[in-house]
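Some notes on the structure that comes next.
Bear in mind these aren't lab numbers, they're just calculated from the coordinates by the rules spelled out. Keep in mind that what you see is a predicted model, and the values were worked out from it rather than measured. Note that each Cβ is placed from the backbone with ideal geometry, even for glycine, and that neighbours are counted across all protein chains shown.
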Amino acid sequence: MAEQVRVRFAPSPTGYLHMGGARTALFNWLFARHEGGRFILRIEDTDVQRSSAELEEQLLEDLHWLGLEWDEGPRRGGPRGPYRQSERAAVYRELAERLISQGDAYPCFCTDEELERKKSEMIAAGLPPQYDGTCRSLTGDERERCRRDGLPESIRFAFPEAVSMELEDTIRGHVVFPPGMVGDFIIIRSNGLPTYNFAAAVDDALMGITHVIRGEEHLSNTLRQIVVYEALGFQRPRFVHIPLILGSDRSKLSKRHGAPNIADFTRNGYPAEAIVNYLAFLGWSPGDEREILSREELIAAFTLERVSSSPSIFDLTKLNWMSSHYIRTGGVGRYFEEALSFFPGEVRERYGRGELEKMFAILSENLPSFSAIPAEVAPFMPGPPPFEGEVFGMIEGRGGLLAAFADGFARQEGWGRDELRKTIKSVGKKLAVKGKDLYMPLRIALTGSVHGPDLVSILEIRGREDVVNCIERARERAGS
RNA sequence: GGCCCCUUAGUCUAGUGGUUAGGACGCAUGGUUCUCAGCCAUGAAUCAGGGGUUCGACUCCCCUAGGGGCUACCA
């Protein structure tokens, strides 16, 4: 029987969940679900300066919103916890001690100033800036003296010299790192907390992670983790380094590339499934020509073999298309509740639920996100609109037509779509006007704009009193 | 600087030695329509460059160029 797949998403709560991070989480989640494995969430909060509980909370919210539920992790617990690195200090400490006793690690008492000085000297000499191993050969007495002197004590990994490291990556293939690339790196900081490369390797091993699926920026770090695995006698997981997501200028995606935080998209009213669908196609495709896939379809189709090796660029235009596609297709039934809070208060007060649903049905035809609702809903705002500039020109002198409309709608029996159409038609017939010349003045009288939703719908929703009032007001200004 | 990774239209991608290089977003044109959107149809646009290997390279190898990442007591 094959071992059960265990994957993890291991963010550090030092910022908002990013499109790139979300995509990494998604690939892990999809793989776990596809394989019937477990998806684990681990919080890498060993950088106490930059980590915060609030950001962790936000991170969990964002993942939850995306629908990427974890099987083990914060809030949920699990057999291999704790899942927050700040709560695992004793574990790292113990393993680091073991490395020291094996001779694979040693305490280091160099100060920041010393390190900084040596580093710049090496750079000046044209050498790669690596730790020179000063503390590697300290005797027990010397170590005690340093401690008595109150020097900061960190623990360094004694990196094996002159060995080239090899790694099999599911996406990159066979990767070879030549010897001498890495110096003795710190595994436990002077504040007692572990560094990323140590904590990640230890936790991945202890948590039984079978596939480490993470961003390509970690590929070079992997050799540091490999030596930790070997020194501790841990079995290596399978490494899967997925390509990065870049901004439109091809640099690493960041804030200035247009709101790449999940929280921003939540706030702006994008459907989560649109984000998930879009993200899934950044660096992956199902291999056929489908483009719109539900969560279930994504899970069924997702395999690591189909993950691309080249980076992709985050394209808001395509996300917007996909989002509007979801909103159009889902319509009132799927999205009305979610969209409701985006309607301006004035509109929500004036109209009943039925009308609001009708409005949303119309708006949902062309909505990249719910945050576009206030602008799109303008034609349904009650009361006469302003007529400015060229727009006024299109009703100027059309007082007769407007009067006929006002009269027609005031007398019309009922307020159904058919009756409304009939009234418009009969006004046109009476004044021998049709097409644009007939509809535009009416549209402008009601909305003040040449664009907008279907006119009959506008009339239907706004109601007789508002319609007649608007037309009257427009007629007054238009002259005859 | 050193090392590692990447390279099909503007963008997301299909493609694994022989294809008119397929699809999608965006763009353009036409149709439907009171307008916008939608929908339908049509169109422009791609294998980074150079060497090999081969009867034959988008596909395999090498070089160059470009991009990205790592080189922290950040992850």
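Just one of the listed residues (A:G452, A:G463, A:G448) is more than 15 Å from RNA strand B (Cβ to nearest atom), under 13 Å from A:M381 (Cα atoms) and surrounded by 14 or more Cβ atoms within 10 Å (Cβ to Cβ), and it is A:G463. The set of residues from segment A:181-207 being surrounded by fewer than 20 Cβ atoms within 10 Å (Cβ to Cβ), more than 8 Å from RNA strand B (Cβ to nearest atom) and free of Cβ contacts under 8 Å to residues at least 40 places away in the same chain comprises just one member, A:A205. Where helices (runs of 4 or more DSSP H) fall entirely within segment A:73-164, those with at least 1 residues that are closer than 17 Å to A:A199 by Cα and not β-branched (V, I, T) are at A:89-102. Taken over segment A:167-197, residues that are in contact with a strand residue (DSSP E or B) (Cβ under 7 Å, 6 or more places away or on another chain) and in a loop (DSSP other than H, G, I, E, B) amount to 8. With A:S310, A:S294 as the choices, which residue is within 20 Å of the chain's Cα centre (by Cα), within 7 Å of RNA strand B (Cβ to nearest atom) and in contact (Cβ under 8 Å) with a residue 12 or more places away in the chain? The match here is A:S310. Residues in segment A:313-336 that are under 22 Å from A:M381 (Cβ atoms) and either out of contact with any Lys or Arg (no Cβ under 9 Å at 6 or more places or on another chain) or away from RNA strand B (no atom under 12 Å from the Cβ) (or both): A:V332, A:Y335, A:F336.
Scanning segment A:316-364 for residues that are surrounded by 15 or more Cβ atoms within 10 Å (Cβ to Cβ) and closer than 30 Å to A:L219 by Cβ turns up A:L316, A:L319, A:M322.
Can you list the helices (runs of 4 or more DSSP H) found entirely within segment A:251-326 that contain at least 1 residues being of a type outside the set (D, E, K, R) and over 15 Å from A:F31 (Cα atoms)?
Hits in segment A:251-326: A:262-267, A:272-280.
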